[in-house]
Structures are given as C-alpha cells and as structure tokens.
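The values are calculated or read from the model by the stated rules, or taken from the named source; none is laboratory data. Just so it is clear, the structure is predicted and the values come from calculations on it, not from any experiment. With ideal geometry, Cβ positions are generated from the backbone for all residues, glycine too; neighbour counts draw on all protein chains shown. Accessible surface areas use protein heavy atoms only, side chains included; no ligands, DNA or RNA. Shrake-Rupley method; radii C 1.70, N 1.55, O 1.52, S 1.80 Å.
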Amino acid sequence: MTADRSSQRNRFLLFIFATVVGLLAVYLFYRFKDLLSTSLTPMLGAQAAKDSLRIPELILLSLLAFLGVRAVSTLIFDLLFRFRRGYEAPTLVRNIFSLISFTALFVLIFNRIYKEVDLGAPFTTSAIFGVIIGLALQDTLGNFFAGISLHADRPFQVGDVIVVGPLKHTGVIESITWRAIKIRTFQNHIVLVSNSNAAREAIEVAPRDNLNARLVFFGTLYTDSPAKTIHVVREAVRDADNVSEKITPIVRIRNLGDSSIEWEVKYWLDDYAKYNDTDALVRQRIWYALRRSGLTFAFPTRTLHLERKAITRPVTVEEQIADRLSAVDVFAPLSSEELHQLATATVGHVFAPGETLIRAGDEGSSMFVVHNGRVAVQVADKGGPRTVAVLSEGNFFGEMALFTGEPRTANVVALEETEVLEIGHAAMKHIFETNPSLAESISWTIAERQAALAAGSAQASQNSIQEPAGLLASIRRFFSLR
Ligand code: CMP
C-alpha cells in the first residue's frame, strides 16, 4: 500500500517535471524561432530554414498535447470516476479516450504546421491500404470491439471472482485491457483470456460487493436424526470465519443415497475470493460438530461396524481420564476409586481452533477440565474481546456457573485443537457428598477468578465479588449439601 503510494507520488512529480520542461521548451522555441530561422537562412536558404524548424515545432507541440491528454485522463478517470462512481475506471475506456484525444490533437497540430499536406488522403483513397490494415489487425480489432461490448455491459469489474474462457479459468480479475481480461487464479497464476474469447463464452461472475453463496457436501448415517444434524451443522457453520452473519446457512438433505443421507450446506461468504479456505474451514467445523454430537459421517457399509465402535467409546480411555483428573488441583483429595467414578461420569468433546466452548451469559450446568490443548478466557471490552486467562492441560473452567447457578461469566475459546472433559452437576454433587472439603477449595478458586474479572473490568462492581465463605454457603445451598 505504501509502496503504491510512493510510486504514485513519484509518477506525479515526474509528470509535473515533464510538463514544466515541455512548457519551457515551447516558450524558448517560439521566443527564438525567428532568430534561429535567420541564422539558418545563409546556410540553407530562407524556405529550407523555415521548413527545418517545422519538425521540432511538431514534436514539441505533440509532446505538450500528450501531457495534456494524460492530465485530463487522470482527472476524469482517477479522480472523478473513483469519487462519483466508487470504482476504478476500466483500463480499456481510459486507453480509448487517450488514443482518440491524442490522435485528434495531433491531426490538428499537424494541419496547423503542414497546411499544404492532406492527412486524410492516404486513408480515404487507398482501398488496398484499408484491406492490409484490416487483415493485419483482424484479431486485434476483434478483441478491441469485444472489449468495448464487454465494457458497455459492465458485467464485472476488477476484484470480482469469475469463471471464464473455454477452459473455465477461475480467479480474481486484476485488470481489463483493450486486448484481454487478466485473472489471478487461486494457484497465484496469471491467466489472460482474450476479450473475443470471453465475449463468445458464458461467464460466471461472483461480484465482490455481492453476498455470494457456496455449497459444501457431506453424508451421515441413516440412523442419525436429520433434525439434530441440521441444528448441529448450522450452528457450527454460522460461527466460522468469513461466513456471512447476514444470512443463516441452510442445511438440507439433497439425496437419500445408497449408504448415506446426502447433505448440502449452503452458506454465504463475506469475501468470496477466499472461498477455498472457507469451504475447508466449514468442512472442518462440520467434522468437529458431528464428532461432539455423536453424529457419524457415512462410510461404506463394511467399515460401518468398526466406526460405530469408535464413536460410542469415550474420547480417551478411562484410566487416562482418571490420570488427568488426578492432576487437577481441586480433585487432589479424591481417592483413586472416586477418581475412576468421576472419570466414567465425564464426557469428552473435541473443539477446533477458534471454536467457542462457552459463551458469556449462557446458562451452564457443567464444568470442564482441559485434557489436551489450550483455551482462552475472554471478556467483552470496548476494543473487542480481552483475554483474562489462558488455561491448558489440567486446568478447569465453567465451574462458576455450575456451582453458583449464575450465567456464564466469560467466553471460553479454543486456541488450538482442544479436548475437554465435561463434568455435570450430578457427578459433582456425588463427589461433594463424600468430600465436603472440595466445595471449600473450589469456592477459593471462584473467589479469585471473580476478583480477577472485576479487576480488569471498568463496569464490574465490587458487589459482584463474593467472599469465599459466602460462596461456600451458596454452593452448599445450590447442591443441597448439609
Ligand atoms: P463460568 O462463569 O461458568 O464460564 C466462564 C468461565 O471462565 C468461568 O466459569 C471460569 O471457569 C472461567 N474464568 C472466568 N474468569 C477467569 C479468570 N480470571 N481466570 C481463569 N478462568 C476464569
């Protein structure tokens, strides 16, 4: 962007410099024309001296005309077009304007200097000349007029994604010239499709200021509920980056196939030029969402049995979970038998990087232990989300809503692929009954976290911080403990 600016400024300075030099040269030429003519007369004779001065005059005036045309074209196309119409003037229109204006000015200057020469004669009288030019420029003229007709229609502009040409080239339009449309493909190659080819073929355009949609396909087992699949996939997709919030994604059955329910997801993109990445992200989100909800991608029937086993099994084996829970500081007082009981009561979930695990303000009746990966605890701030803590393996979160019955206090977002173990209300109640000291250590953690939240927030009142003793009493009440 800055390099663009500085090269623009250099071009502008060069232009001003050339204009000043041009004007000065014209001024000096006319100022000393008579003097030059008289000093050349003894050498060449009067008529030849005059004639020899006509050539530099023609060159100098043509140079001025060229600079004048450049100035006017910049004024019209760079400034007016961009401000009044909001898009860049097409290169083709610009070039035609410059060519016609300069030719007209040149003919005027030429006629003024060489009054005795009729410029039109060779063009109007020579049919052979016309045929030669016509044949030589057949393709070029074809492209040129195809370019004009494309511009007249204005079906696309720079920045749009198009599919064009007999080979169905796909990419973002970089420029449209009098000869061709220049496209940058998604492999970062440049493709030039000649205007005449483009005008002959159907062109698919995804305008840059339009909400363009994409379709992504997947298949699930016949045993999975379609209503649940629609809900789970829609929620996972609408959350992904670059999926427009203006239109809710549509999840629908496109076919009842031989071995699967075949689905399509239609979603709209903020920036269509990034559709490859967004398609991939949407597929990734679908995978994670299906996995978490116990829904299954369809496979050929012979692998079905094996895959089913994998789904009904917990994310990790019970010993590993018990091991993980034993490393959580608040669970340290639990016996190994209690840890195993707790481990069997947990449910494993895996989240993609960037997915939200907990949303501030939601109701919550479970807490989570990070098994693998990392999550960020974030609160809304004026300038966007502010991270108050990063939790990794062995840390827990979600305990505040679970133990106090209040809404969730913060967003918790996965920073990388993260596997968490969910512990519900019933499992905790059972543990509390046999380990009354646990409620106390948890109330300390909650009090500390409440204080950290209040310290970073301008709005949070001191009233929202509870004393550990008060917290302990409300946990006991909430869990109906003695
Ligand atoms: P809960 O309010 O249920 O949901 C959001 C969770 O973020 C919250 O429980 C805590 O587990 C966690 N959390 C909030 N504040 C902090 C903090 N300051 N440090 C660590 N974790 C926190």
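Which loop trypsin sites (Lys or Arg not before Pro) in the range 313-412, with loop taken from DSSP, have no more than 14 other Cβ atoms within 10 angstrom of their Cβ?
Hits after loop and neighbour filter: 359, 382.
Would you mind getting me the FRET efficiency between residue 247 and residue 337? Use the beta-carbon distance for r and R0 = 51 Å, nearest 0.05.
Taking R0 as 51 Å, the efficiency between residue 247 and residue 337 is 0.45.
If you add up the charges near residue 190, with Lys and Arg at +1 and Asp and Glu at -1, over every other residue whose beta carbon is less than 15 angstrom from its beta carbon, what do you get?
Here the charged neighbours net out to +2.
How high is the relative contact order of the range 350-482, given as a whole-number percent (alpha carbon pairs under 8 Å, six or more residues apart)?
Contact order relative to length: 28 percent.
Helix-only mean residue ellipticity at 222 nm, the chain, DSSP H runs n ≥ 4 weighted -39,500 (n - 2.57), per residue, nearest 500. What is it?
Here the helix-only value at 222 nm equals -16500 deg cm²/dmol.
Return the Rg/Rh value of the chain, two decimal places, where both radii are evaluated on C-alpha atoms and Rh is the Kirkwood radius.
1.24
Spelling out what I want: for every residue of the range 356-363, take phi, set θ = phi - 60°, compute 6.51 cos²θ - 1.76 cosθ + 1.60 (Karplus), and round to whole Hz; glycine and proline get x.
8, 8, 9, 10, 4, x, 6, 6
Relative contact order of the chain, please, whole-number percent, based on alpha carbon pairs below 8 angstrom and at least 6 residues apart.
With pairs under 8 Å counted, the relative contact order is 8 percent.
Percent of accessible area on the chain owned by carbon and sulfur, 1.4 Å probe?
That fraction is 58 percent.
For the range 366-412, what class follows from the C-alpha gyration tensor (a ≥ b ≥ c being the square roots of its eigenvalues): rounded when a/c is under 1.5, otherwise prolate if a/b is larger than b/c, else oblate?
Cα axes put the range 366-412 in the oblate bin.
Over the range 232-276, with the other protein chains present, what is the accessible area per residue in square angstrom, probe 1.4 angstrom?
The answer is 53 Å² per residue.
At q = 0.14, 0.17 Å⁻¹, what log₁₀ I(q)/I(0) does the range 344-482 have when each alpha carbon counts as one equal point scatterer in the Debye sum?
-0.64, -0.95
Calculate one ³J(HN,Hα) per residue across the range 387-404 by plugging θ = phi - 60° into the Karplus curve 6.51 cos²θ - 1.76 cosθ + 1.60, and present them in order as whole Hz with x for glycine and proline.
Result, ordered by residue: 7, 9, 7, 10, 10, 10, 3, x, 7, 10, 8, x, 6, 5, 5, 4, 8, 10 Hz.
Principal axis lengths of the range 186-301 from Cα atoms, whole Å, largest first?
Its Cα atoms span 54, 31, 23 Å along the three principal axes.
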